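Read the structure below first, then the notes.
The values are calculated or read from the model by the stated rules, or taken from the named source; none is laboratory data. The structure presented is a predicted model; accordingly, all values stated were derived computationally and were not measured. Every residue, glycine as well, gets a Cβ built from its backbone with ideal geometry; the counts of neighbours run over all protein chains shown. For accessibility, only protein heavy atoms count, side chains too; no ligands or nucleic acids. Shrake-Rupley method; radii C 1.70, N 1.55, O 1.52, S 1.80 Å.
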Amino acid sequence: MDLSHGKCWNTPKDSWKNILLLAYQSLGVVYGDLSISPLYVYTSTFAEDITHSDTNEEIYGVLSFVFWTLTLIPLFKYVFVVLRADDNGEGGTFALYSLICRHAKVSLLPNRQAADESLSTYKLEHPPEKKTTSRVKLILEKYKALHTALLVLVLLGTCMVIGDGVLTPAISVFSAVSGLEFSMSKEHHQYAVIPITCFILVCLFALQHYGTHRVGFLFAPIVLTWLLCISALGLYNIIHWNPHVYQALSPYYMFKFLKKTRISGWMSLGGILLCITGSEAMFADLGHFSYTAIQIAFTSLVYPALILAYMGQAAYLSHHHHSTHHISFYITVPACVRWPVLVVAILASVVGSQAIISGTFSIINQSQSLSCFPRVKVVHTSDKMHGQIYIPEINWVLMILCIAVTIGFRDTKHMGNASGLAVMTVMLVTTCLTSLVIIICWKKPPIVALLFLIFFGSVELLYFSASLTKFTEGAWLPILLALFLMTIMFVWHYATIKKYEYDLHNKVSLDWLLALGPSLGIARVPGIGLVFTDLTSGIPANFSRFVTNLPAFHRILVFVCVKSVPVPFVPPAERYLVGRVGPTAHRSYRCIVRYGYRDVHQDVDSFESELVNRLADFIRYDWCQAHGASSSIEDNHVPHSNESSECRLAVIGTVAFSGSPAYEIEESVQPQIVSVDFPTVESVTDVIEMEPVLNGANEKRVRFAIDEESETDGSRLEMQMQLQDELEDLYQAQQSGTAFILGHSHVQAKQGSSVFKRVAINFGYNFLRRNCRGPDVALKVPPVSLLEVGMVYIV
């Protein structure tokens, strides 16, 4: 299925009615996690480090910290700054990395081409100007170690998001269910909360394969009900217990709190930071909504509701210092409404957990598309809603880890310490990447980025340092998970790069392919052979090995490269780059299929039929161009090449080429078939040092017109017959069947390699390769059509 890449707010996004509707819908998707934080913030803060005394200095200080933390981080940082750093409307860690890679040559992705920079979604915030090139950008581009460090920083943020996907469901559901302590004895409560929490978590993960679109319409009403509920409770507690609690919002109480509690108060910040858990979701889920909708929802409803909730809890606690129960959300709820609030809280915690689980699936899919995660099976759960995916292996691993965390920690304190460190690490990564975006993409003075980094970074570092002090009390878990995941991701990415370099240096020349024929005992059999490779030029070594062991190949031969580009989506009209390999009579082609990091790959049936259609369109276009078409390109910046036809690729769009001998295309409007000679990257070094396509290339006009006077009727008829023969060969081969030829690789480290490299390649990568999905599953190839070629890579 090749779903629309457009966002749900493409039409009519300017109307206030539509914006308000999106703001309402965003409550269930974006703010589920953030809205349930009042369940456990005060519980985690007053767990051990500080006590609630009769002077109320502690509770007022905590309230002041909560208020200013919510104001500075979600409101000022995310709503007013970070949300503007979108990548074609998409947000998240990879969106920031993608933006930086497009504006600076720091990408480590293999098989990158200059043609990728002509994509309509590959837009730059500002045209590149050599005179105003930032020194930070020059330094970042110069040193390869900084490219690796940037990728490691992105992977760290990614791993912590995955870690949050383990911790958030556990702490959310556990905190909601813990309200049962007021309805049963302490002994019964101790043995009931854990089983009930685990049961809810099992049900939550077991229903993931159905997708959220079936019950998604309930998410927004549940979160809205919850926000109204905690707002009403907050107002009631403020009016009934302490109408002057608003005075505690003054920053004076923060300093007073730290002065009295000293190191204990600093350590308690690890619980206070939980009030901003879920703030990153505002940015990560930006692609499903508009900037204005998310901004309106937060400033008009979510932010006021959370402030009222925390003020209400503080007002109640300021008059209850010696309660028989420990400090929690539910002691501030009047007994007459405690059961309804408990039900709504459990439902809201499930919605918040669902949001982070879906986000974990999404970010793992993005990591996989950028060759930073082992191949896993991605299932699209909705034909209508783009981005609704389900990953079976990850789902069950998350469920097991969530249950293990719940049973192992058994209290909010340890879960909160673990979750707080993961959340704050992700925010620090976002702050660092946004600072680079301000300089490199927005072209702002470095002092602006430095002020942003120092101001928000210092606040986050304060909380991060407090979280690290809880290392032995739960904070070790996200660090352990991050180290484990980063090892897997870095080993996989490193081995993938090495395999690509091996393929690049061992590719076969075009002359070798053209020399294959009956004289050498090589037969051409009916059908289409799709040879999958990571190379964008040359003949891959796995095909030469295939022909050596089986001296035959298909009548129609297509070298297919499925690659990812650093954009969120590739429009279907620009997805296929098609060209010839060798002369027309050889019937060999090259097809480069480009996907963005948020695109969902097509099913094999639709991919096969669409590929044949694109080949047919290309054949018609190529015959018109090569036999009587005169090409004129009204732009001097478009690169040309005098090399062989293998380097000549055409962007074939979704509208079939009519075959008319005269046509005109305006690329600035909506390109359907455009032919340009693009240089091909020949090595990983070239990926980094390749000059980008000049900005004027987006404004070119391509015209092809038949010169009727220069052609006789005989040559025209001959051309039409040859065109018809090639199309008939293509369609007859399609009827005979399609074979998918993939490499089955085994990777070994070279003799003399370091111990680290031998362990990473010989054991780590090969273990992952054997126990994860193969390329046939990732490409959705039917087993009956699969031909695997064994390859040993010595890297």
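Protection proxy ranking, highest mean first, for peptides 584-592, 350-358: 350-358, 584-592, where packing is the per-residue count of other beta-carbon atoms within 10 Å, averaged.
Summary of packing: across the peptides 307-313, 553-559, the per-residue average of other C-beta atoms within 10 Å ranks them, highest first, as 307-313, 553-559. Here the simple spin-label model places points 7 Å from the Cα toward Cβ, and for Trp68 and Arg410 these points are separated by 3.8 nm. Among 193-200, 463-470, 163-170, the peptide with the highest mean count of other Cβ atoms within 10 Å heads the list, and the full ranking is 163-170, 463-470, 193-200.
Residue order by solvent-accessible surface for Val651, Val747 is Val651, Val747, largest first, with ligands and nucleic acids left out and a 1.4 Å probe. Determine how large the accessible area of Phe471 is when every protein chain is in place; take a 1.4 Å probe and give Å² rounded to the nearest 10. Accessible surface of Phe471 is approximately 100 Å². Rolling a 1.4 Å probe over the protein chains gives Trp492 an accessible area of about 10 Å². Taken along the Cα-to-beta-carbon direction at a fixed 7 Å, the label points for Leu207 and Val81 span 3.9 nm. Measuring r between the beta carbons of Asp725 and Leu786 and using R0 = 25 Å, the FRET efficiency lands at 0.25. For Lys377 and Met184, the difference between the fully extended length at 0.36 nm per residue and the C-alpha to C-alpha distance is 65.1 nm. Of the trypsin sites (Lys or Arg not before Pro) in the range 253-311, the ones in a loop by DSSP (not H, G, I, E or B) with at most 12 other beta carbons within 10 Å are Arg262. Leaving out ligands, DNA and RNA but keeping every protein chain, what accessible area does Tyr24 have, in Å² rounded to the nearest 10, with a 1.4 Å probe? Rounded to the nearest 10, the figure is 90 Å².
The slack in the chain from Lys144 to Leu480, taken as 0.36 nm per residue of separation less the alpha-carbon distance, amounts to 118.2 nm.
A full extension of the chain between Asp54 and Tyr246 corresponds to an added length of 67.3 nm, given 0.36 nm per residue minus the alpha carbon distance. Starting from the Cα gyration tensor of the range 410-460, take the square roots of the eigenvalues, sort them a ≥ b ≥ c, and report rounded, prolate or oblate (rounded when a/c is under 1.5, otherwise prolate if a/b is larger than b/c, else oblate). Here the range 410-460 falls in the prolate category.
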